[in-house]
Every structure is written in structure tokens, then in C-alpha cells.
Amino acid sequence: MEAFQDYLPLMAERLGERGLMQELEKGFHLLADPSSHTITLQSLKQNAPLLGMPPMSDSELREIICLGDSRGRGELDLHEFCVTMVRTSPALMDQALATLFCDASSDEDDEDGDDGNQEEDMEDAASS
């Protein structure tokens with residue numbers, strides 16, 4: 001089997017967040033069942049080859065669906081599909097976590113009243 005090529009980070013870099021989400025939505029609609037507007041085992045089996053995915057067994061396709069099926073329905077809606085795509089992209093997930101933790105630490109600093117300027121903080125403490 002070929003090594004997995006993770007193109008999502010490159011797409012995110014080139015298209016930006018909004019553009020990436022639009023492309024994911026297009027991919028979703030190509031894979032989805034037109035009547036249920038969800039990705040089912042049958043729609044994935046039928047449409048995956050159109051996107052260049054290698055042939056897969058029913059159990060492999062079920063695994064893909066189960067990976068993102070947060071409600072246990074055996075199908076993916078658009079939101080579940082997008083979340084799954086991001087979660088299964090190691091590089092994109094690392095970027096998202098780094099951003100999340102960076103934002104969280106900035107929020108903590110702001111709550112502490114710490115503006116990051118230790119020299120000024122020391123001067124303020126000395127003059128008190």
C-alpha cells in the first residue's frame with residue numbers, strides 16, 4: 001500500500017481557512033449520497049474512486065465512516081466529515097493544537113494582568 005500523503009496542510013496554507021473549508025465541502029458533496037446528504041457506506045464505495053482513492057474493502061470503508069461518526073448512525077454529515085479530515089491530518093492537527101495552546105496561554109497572561117513586560121513589573125513592585 002502507498003504511503004499516506006497528507007495534502008491538507010498545504011491546502012490550508014494556500015487557500016486559507018475559508019478556502020479549505022469550501023474545498024472540504026466540495027469533496028463532501030462528491031462523496032455524499034444525494035438523497036440523504038450524508039456520506040454512507042454505499043456512497044463512499046461508489047464515489048471514492050472518482051476522487052482517486054484506491055479500492056477498499058467494505059470493512060475499510062466502514063472504518064473511515066466510524067472514525068468520524070459521532071452519533072453512531074453509520075454515516076457522516078458535513079460537519080463530521082470536516083472534523084474527521086482535520087483530525088486525521090497529523091500536521092494540521094499539530095498546527096491547530098499549537099494555536100489552541102498559544103491562545104490559551106495568552107488568555108491566561110491577560111487574566112493575570114501580565115503584559116509580558118517583566119522589567120516594568122519589577123519596577124512597579126519596587127516602587128510600591
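The values are calculated or read from the model by the stated rules, or taken from the named source; none is laboratory data. Note that the structure is a prediction, hence the values are computed from the model and not measured. Here the Cβ is made from the backbone with ideal geometry for all residues, glycine too, and neighbour counts use every protein chain on show.
Hey, can you tell me all the residues within region 26-59 that are part of a helix (DSSP H, G or I), in contact (Cβ under 8 Å) with a residue 12 or more places away in the chain and not charged (D, E, K, R)?
Correct list: G27, F28, L30, L31, L41, S43, L44, N47, A48, L50, L51.
Just one of the numbered conditions (1) surrounded by fewer than 12 Cβ atoms within 10 Å (Cβ to Cβ); (2) modelled with pLDDT under 85 is not true of Q95; which one?
Checking Q95 against (1) surrounded by fewer than 12 Cβ atoms within 10 Å (Cβ to Cβ); (2) modelled with pLDDT under 85, the one that fails is (1).
Applying the selection to region 61-74, what residues are of a type outside the set (A, V, I, L, M, F, W, C) and within 15 Å of T88 (Cα to Cα)?
Residues satisfying the conditions are E63, G68, D69, S70.
What are the residues in region 1-25 that are exposed (fewer than 11 other Cβ atoms within 10 Å of the Cβ), at pLDDT below 80 and of a type in the set (D, E, K, R), if any?
E2
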